[in-house]
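Structure record follows, encoded as structure tokens.
The values are calculated or read from the model by the stated rules, or taken from the named source; none is laboratory data. A quick note: this is a predicted structure, and the numbers were derived from the prediction, not measured. So basically every Cβ, Gly included, is an ideal-geometry build from the backbone, and we count neighbours across all protein chains shown.
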Amino acid sequence: MFNAIIFDFDGVLFDSQKWVTKLEHSFFMSKGLPVKEEDLYYTIGTADGEMPYYKIYQRHCNLINTDYGIFKKEMQEYIKSRSNYDFNNIILPATRKLLAYLSSKDYRVALASSSDSNYISRHLKETKLEEYFEVVLTGDQFKEAKPNPEIYRCCLTKLGLNSNCVCAVEDSTNGIKAAKGADLYTFAIKDNYFGMDQSMADKIILDLADLFDFL
């Protein structure tokens, strides 16, 4: 049915979204800002790049004594300084098995993530998953992040394939919208934590292991 699969990253291959969201919330709390963890859920999938964080900054600028550029850099350094953990511990259970299977069956495999290139590169390198991806695209390579479908359309161009033989695997509302905007059949990993709207997906699956039934 499909010749290629394009994967999202956070929440699909790695169980990283909860960790990142908790660190972001911890940063805002360290600044004394009245931000709840659930206030950050709408940033999942990075609807418009860094804009969600800028909006939080604007809402609470009376409590912040620096400009947004400095505030953003402080948040990035805060998260980076607390990310010295083994990435192998947050790979979702079926990730390695599925990627190895796809490789053995000569599927074309790509990655389209709204996260930045350094973040993605670190994860793939340290977990030795780089070899499985023919194309890797990240949010910092595009003017607009998901739900803009540009990243998926670019991925199809690089693969040299039409959308009718390619599927996407997503989890966030923004990611699903982006994949559907590129006319891709879209699987969604069921969300039981953030309360994301996954109704636009063609098929909701419990985890990556369920994909074996569709290959």
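Applying the selection to the stretch 117-146, what residues are within 23 Å of Tyr107 (Cβ to Cβ), assigned to a loop (DSSP other than H, G, I, E, B) and aliphatic (A, V, I, L, M)?
Of everything in the stretch 117-146, just one residue is within 23 Å of Tyr107 (Cβ to Cβ), assigned to a loop (DSSP other than H, G, I, E, B) and aliphatic (A, V, I, L, M), namely Leu129.
Determine, yes or no, whether Ile56 is in the same structural domain as Asp140 (by TED's automatic domain parsing) and surrounded by 13 or more Cβ atoms within 10 Å (Cβ to Cβ).
Answer is no for this residue.
Answer with yes or no whether Arg82 is under 19 Å from Asp8 (Cβ atoms) and basic (Lys, Arg).
Judged against the criteria, Arg82 is not a match.
Among residues belonging to the stretch 156-191 that are touching an Asp or Glu at 6+ places or on another chain (Cβ under 6 Å) and among the β-branched types (Val, Ile, Thr), point out the one that is nearest to Leu99 (Cα to Cα).
Ile189
Is the stretch 198-206 home to any residue that is over 23 Å from Ser117 (Cα atoms) and either polar (S, T, N, Q) or not assigned by TED's automatic domain parsing to the domain that holds Thr95 (or both)?
Yes, some residue in the stretch 198-206 is over 23 Å from Ser117 (Cα atoms) and either polar (S, T, N, Q) or not assigned by TED's automatic domain parsing to the domain that holds Thr95 (or both).
Is there any pair with a first residue in the stretch 148-169 that is assigned to a strand (DSSP E or B) and a second that is among the polar types (S, T, N, Q) whose Cβ atoms are under 8 Å apart and which are 6 or more apart or on different chains, and what are they?
Listed by first residue and then by second, the contacts come to Val166/Asn3; Cys167/Thr186; Ala168/Thr186; Val169/Thr186.
Hey, Asn192 hits all of (1) of a type in the set (S, T, N, Q); (2) at pLDDT 95 or above; (3) surrounded by fewer than 18 Cβ atoms within 10 Å (Cβ to Cβ) but one; which does it fall short on?
Just one mismatch for Asn192, condition (2).
Anything in the stretch 76-93 that is closer than 14 Å to Asn118 by Cα and either of a type in the set (D, E, K, R) or at pLDDT 85 or above (or both)? List them, or say none.
Matches in the stretch 76-93: Glu77, Lys80.
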